[in-house]
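The values are calculated or read from the model by the stated rules, or taken from the named source; none is laboratory data. If you're wondering where the values come from, they're calculated on a predicted model, not measured in any experiment. No Cβ is skipped: glycine too gets one built from the backbone with ideal geometry, and neighbour counts run over all protein chains shown. What goes into the accessible areas is simple: the full protein's heavy atoms, side chains included, and nothing from ligands, DNA or RNA. Shrake-Rupley method; radii C 1.70, N 1.55, O 1.52, S 1.80 Å.
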Amino acid sequence: MKESKNFIENIIDEDLSLGLEQSLLKFRFPPEPNGFLHIGHVKAICINFGLAEKYNAPIVLRFDDTNPEKEEQRYINAIKDDVSWLGFNWDEERFASDYFEQLYQFAEQLIQEDKAYVDSSTAEEMREMRGTLTSPGTASEYRNRSIEENLDFFRRMRAGEFADGTHVLRLKIDLASPNINMRDPAIYRIRHVEHHQTGNAWCIYPLYDYTHCISDSLEGITHSLCDLSFEDHRPLYDWVLEQLKMNCHPQQIEFSRLNLQYTVMSKRKLKQLVEENLVDGWDDPRLPTIAGLRRKGYTADSIRDFCRRIGAVSYTHLRAHE
């Protein structure tokens, strides 16, 4: 019987047939260490680690630790325990914070090329200027700051001269873009918070969309897999890598999310239940966390089989069957 393949495997096979060397294949799983993982994350885990196993390719477990206000070491430990319990191993362990200096230098490069600027508008003003789905964004009064002035402000941001929220670094892209993510997105913010990996070395932190694509590139990831909520972010992913002329330009591919009816699938809401003592911790068997399912008696094999049966579906596939 012919082997059944999902659409991601078909893409990878086509890339290999077009000349991509098998030895260059590399994947990653990039969780945020701001809570315990739940059943929705298992699908992403199984897809990423499953592809690494299928193609005998390395995989990186990379913690997206760019928001120290919400991250803790215990979440890092829990994620590693959950992935291991599910039966997966990783070849490299990385943190986005490993690249903070490189990310900063890339940001200075964008400023020097007049592709980024420091905006001193308030958060409310920036929300207003962003526009809507039917109206374009409007330019900040700070958008035309000189390169020298932007560099000076950005370096002073790093030096800790400014309070939280007073300035952000934004990319200079297209305020009229129909894709709101391309309307001069912020890529750095000021946060005077101790980081669980870097301590007090930094008081400015890069945002996800900027950090993720560069981390993928630096690690040599070939296929960057994420759920459909990131589909509209792909043009920004590609734009950053193209402007920086990165040697490695991973291909971002989106798959459908795993949702269960009558089940809380929001890490933020699960965290609220835990913090308000409405449940008996992250491993409460009433929660859909991996730890909760494990405590409830589910086996790792059964959870992996559940995700295997669901499979990976593309947006095009979903629309074709509506």
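Things worth noting here:
- Subset of the stretch 96-146 [acidic (D, E), free of Cβ contacts under 8 Å to residues at least 12 places away in the same chain and part of a loop (DSSP other than H, G, I, E, B)]: none
- Residue check, V279 modelled with pLDDT of 90 or more, in a helix (DSSP H, G or I) and open to solvent by less than 30 Å² (accessible area, probe 1.4 Å): no
Each row is one residue, and each column tells you yes or no for (1) among the aliphatic types (A, V, I, L, M); (2) surrounded by 15 or more Cβ atoms within 10 Å (Cβ to Cβ); (3) over 24 Å from E93 (Cα atoms).
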| site | (1), (2), (3) |
| --- | --- |
| S4 | no, no, yes |
| E9 | no, yes, yes |
| E14 | no, no, yes |
| R28 | no, yes, no |
| P31 | no, yes, no |
| V42 | yes, yes, no |
| N48 | no, yes, no |
| A52 | yes, yes, no |
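- Residue satisfying all of: in the stretch 128-146; over 14 Å from M182 (Cα atoms) and open to solvent by 60 Å² or more (accessible area, probe 1.4 Å); modelled with the lowest pLDDT among these: T134
- Residue count for the stretch 209-231 satisfying the condition of being over 13 Å from the mean Cα position of the chain (by Cα) and open to solvent by 40 Å² or more (accessible area, probe 1.4 Å): 1.
- Subset of the stretch 91-121 that is over 18 Å from the mean Cα position of the chain (by Cα) and open to solvent by 60 Å² or more (accessible area, probe 1.4 Å) - its residue that is nearest to F36 (Cα to Cα): D91
- Every condition in (1) open to solvent by less than 20 Å² (accessible area, probe 1.4 Å); (2) touching an Asp or Glu at 6+ places or on another chain (Cβ under 7 Å) holds for C203 except the one numbered (2).
- Only one entry in E276, E219 is charged (D, E, K, R) and more than 18 Å from H38 (Cβ to Cβ), namely E219.
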